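Peer 1: For reference, the structure I am asking about is given below.
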Amino acid sequence: MPEVHDITEYTEEQTTIQGIPVIDTALTPQMREAVKIHEAIIHHAGEAVTHLYEMGRQLKAMRDGKYYSHLGYESFGQYVEENGDYSFKERQAYKYIKIVETYSDSFIAENQGLGIERLEILTALGERGAAELVAETDLAGMTAAEVKQLIRDKQGLGEQLSLLTEELEKAKSGEDLAAAEKQRELDDAEKKIKDLEKKLKAEKKKSKESIGEKDGEIMLLKEQLSSATPSAEQIEKIKNEADAEHQKEISAIKAEYEAKLSAAEDKMSTIEKKTRSADEAERRAALKVYFEETQKNINAFVEKVSQLEGEEREKFSKGVIKWLTAVIENLGKE
C-alpha cells in the first residue's frame, strides 16, 4: 500500500481497500472518505509516539462517522482488530480516542513521554487536573498502579472536603429550622395572650351585671396572663444564664483546640523537615501524615462547632465554609 504522509495527499488513482484495487467510479463519497481516514490511520499508527493526537483524532472520526461500515466491517472493534494493515485491541483504540477527547493537542505534545497508559489513567482528572498533577509529581518514575492510587488519594480529599461543606450547610439549615420553630412558638404564645386579653375584656363587661360572681374568674384570668408573659427581669435573667453557659462552652472548646493545635504544630515541624528529605519514600510518608492530620483536625473542629448554638455556631460555620471554599478553589487552580 502506498505511503500517505497526510490525509489530503490521498488520490483516487491510489485507492485500495484491504489491499484490493477499487475502480474509481465504484466509490461512493462515504467510501472515499472511509479510505482516506483508513490510510491516515495506517500512517499515524507507524509513528504513534510523535503522532498520538492525529492518530486518536482519525480513530475517533472512523468510529463516530461509522466509516468502517463502508470498508466492509460490521463494527468499529472488528475494523481495528481485523483490518490487516494495522491492528490492535479495541480497548487500545478507545484509549487513543479517550486521550484526544480529554486533552488538547499541546498537552499531549508536552506529555506524550508519559506513555499511553499513564495519559489514559490521568483522563479521570480532566486536562486541568492532569496538568496540576504532572506539574507537582514525577509521574514518569511511577508505575501505572502508583499513578492510579495517587489519583484516588487526590479525588478522596476533594470528596471529603465536599462532604464536609455539605455537612456544614446542613448544620446551618438545621439552625435556621430551629430558629423558625422558636419563632412559631413565640407567635403561638402571643396569640394565646391576645386571646386571653380579649376574653378578659369580655369578662369585665359581663362583670358589670354580676361583679361579685365574676371577681374570681377575673383574678384567675389575670394569673394566667401573668404566667404566660414573663417579666423583663425574668427574660434578662434567662438570657444572662444562657450567655454565660455558651461562653463557658466556647472557652472550653477554644482551650482544647489550642492545646491540640500546639501539639500538632510541633509534630508538623518535624514532618516538614522530612518533606525536604532527599529520600523519596520519606517525603511521601511525610505528605501522607500531613493529609491524615489535616483530616483529623478538620473532623474534630467540625464536631465541636456542631455542639455550639445560636450566633456563635453560625459565626464558626460561616468561617470554616469560607476557608474550605478557598481550599477547594486553590486545589482547582492550574
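The values are calculated or read from the model by the stated rules, or taken from the named source; none is laboratory data. Predicted model, so just to flag it, every value in this text is computed and none were measured. Cβ placement follows ideal geometry from the backbone for every residue including glycine, while neighbour counts extend to all protein chains displayed. Ligands, DNA and RNA are excluded from the accessible area calculation, which covers all protein heavy atoms including side chains. Shrake-Rupley method; radii C 1.70, N 1.55, O 1.52, S 1.80 Å.
Peer 1: Show me the ranking of peptides 94-105, 179-190 by mean Cβ neighbours inside 10 Å, starting with the highest.
Peer 2: Peptide ranking by packing, descending: 94-105, 179-190.
Peer 1: Using only the Cα atoms, work out Rg/Rh for region 59-99, with Rh taken as the Kirkwood radius, to two decimals.
Peer 2: 0.93
Peer 1: Moving on. Distance in nm between label sites at residue 279 and residue 233, each 7 Å beyond Cα in the beta-carbon direction?
Peer 2: Distance between label points: 7.3 nm.
Peer 1: Next question, about the same structure. How many nm is it between the label spots at residue 293 and residue 138, if each spot is 7 Å from the Cα in line with the beta carbon?
Peer 2: In this crude spin-label approximation the distance works out to 2.5 nm.
Peer 1: Could you give me the ³J(HN,Hα) list for region 34-44, computed from phi with Karplus coefficients 6.51, -1.76, 1.60 and θ = phi - 60°, whole Hz, x at Gly and Pro?
Peer 2: 4, 5, 4, 5, 4, 4, 5, 5, 4, 5, 6
Peer 1: Obtain the nm distance between the two label points defined at residue 262 and residue 116 by a simple spin-label model: each point lies 7 Å from its Cα along the Cα-to-C-beta direction.
Peer 2: Going by the 7 Å Cα→Cβ label model, 6.0 nm.
Peer 1: Would you mind telling me the share, in percent, of accessible area of region 33-98 contributed by carbon and sulfur at probe 1.4 angstrom?
Peer 2: 43 percent
Peer 1: Ranked from highest to lowest mean number of other Cβ atoms within 10 Å per residue, what is the order of the peptides 271-279, 35-43?
Peer 2: Per-residue Cβ counts within 10 Å, averaged per peptide and sorted highest first, yield 35-43, 271-279.
Peer 1: Extension gain residue 66-residue 311, at 0.36 nm per residue separation less the Cα-Cα distance, in nm?
Peer 2: 81.9 nm
Peer 1: Let me ask you something else. Report ³J(HN,Hα) in whole Hz for each residue of region 326-332, in order, from the Karplus equation J = 6.51 cos²θ - 1.76 cosθ + 1.60 where θ = phi - 60°; Gly and Pro get x.
Peer 2: 5, 4, 4, 5, 5, 5, x
Peer 1: What is region 281-334 by shape, rounded, prolate or oblate, if you read a ≥ b ≥ c off the alpha carbon gyration tensor as root eigenvalues and call it rounded for a/c under 1.5, prolate for a/b larger than b/c, and oblate otherwise? Intermediate results must be reported in sequence, preceding the final value.
Peer 2: Details: a/c = 5.93, a/b = 1.69, b/c = 3.50.
Here region 281-334 falls in the oblate category.
Peer 1: Pop out the ³J(HN,Hα) list for region 281-293 in order, Karplus 6.51 cos²θ - 1.76 cosθ + 1.60 with θ = phi - 60°, rounded to Hz; leave Gly and Pro as x.
Peer 2: Whole-Hz 3J(HN,Hα) from phi for region 281-293: 4, 5, 4, 5, 4, 5, 5, 5, 5, 3, 5, 5, 5.
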